[in-house]
1. Provide the gained length on full extension for the span residue 175 to residue 129, in nm with one decimal, where the gain is 0.36 nm per separating residue minus the Cα-Cα distance.
2. Testing the spin-label approximation: label points 7 Å from Cα along Cα→Cβ at residue 213 and residue 102. State their distance in nm.
3. Anyone know which of 61, 99, 46 comes out most mobile in the 10 Å Cα GNM of the chain?
4. Net charge near residue 31: determine it from the other residues with C-beta under 15 Å of the C-beta of residue 31, scoring Lys and Arg +1 and Asp and Glu -1.
5. Roughly how compact is the stretch 103-244, stated as its Cα Rg over 2.2 N^0.38 Å to two decimals?
6. Under the Kirkwood approximation for Rh and a Cα-based Rg, what ratio Rg/Rh is obtained for the stretch 8-101?
7. Excluding same-chain pairs closer than 8 in sequence, count the lysine pairs in the chain whose Cα atoms lie under 25 Å apart.
8. Quote to one decimal, in nm, the extra length available between residue 225 and residue 240 on full extension: 0.36 nm per residue of separation minus the C-alpha distance between them.
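Values in this text are rule-based calculations from the coordinates and carry no lab data. Just so you know, these numbers come straight off a predicted model, no measurement behind them. We place every Cβ from the backbone using ideal geometry, glycine too, and count neighbours over all the protein chains shown.
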Amino acid sequence: MRNPLLSSLLLFLMINSSLAVDVQGLMGQGNGYYEKGDFESAIASYEKVLATEMVSPALHYNLGCAYFSEKQYGRAILQFEKARQLSPRDPDILHNLEYARLFLKDRFDLPEPMPFIAGFKALRNGLSLAELKLLEQVLFSLLILGIVLYRLTRRSSMGRIILTVSISLGALLLVVGGWLTDRVIASSDMHAILLVDEAEVSSAPIPGSSTLFVIHEGTSAEILDATDAWYELRLEDGKTGWINHEAVGLY
């Protein structure tokens, strides 16, 4: 388990100074508690920051490290997953997420995906939504610039080069636009992590319905449907069933 991002205070310099909660102070306090081994107090500090609706991979990562140190593996994995959504290529986040999963009771023996499919999935999730949006904006700006420059130089050899580059930028912009659309759609899919030691997965969203199987802390699943008090889950091995809201955390 790698250490928290203790330099993460830099990520909060753009916080509005009028906020009632001292986010930078709480992060520093949490990091200090973590270094001293007081993980319970570190969690309390990080959770106060989380309650401000602060969005930061460092916050989720540090909170995940603190939960892991308290052997709360479900909550640790939940925070690492949230951090990964914001920073999908961060090696510390990816390492700690995989390491935390080694402590889970539920394992799914699934066939290895074909290298092409595995590579495509890695590429598809290689950029965060924020990075894709920024890339799209940069490409669009460059395309507009290319069009303007082409109109000024179209009678010269440079104009032909600029036209070729602009066409390439347009094609790339279409690819990135499709990629961004795919990620936006995928981001609407919710997943759940079991936060309690174990829970029964029921056949229907009704108290007293028959139990299909039991899952243990840290198990993740896709959410297929929801009622006021129940989620319908689909596990990695394809099993489905219903579980109470209180047993899981969402990402």
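1. Here the answer is 15.1 nm.
2. 2.5
3. 99
4. Charge balance in the 15 Å sphere: -3.
5. In units of the globular-protein estimate, the stretch 103-244 measures up at 1.65.
6. Taking Rh as the inverse mean 1/r over Cα pairs, Rg/Rh reads 0.96.
7. 13
8. Using 0.36 nm per residue and subtracting the Cα-Cα distance, I get 4.3 nm.
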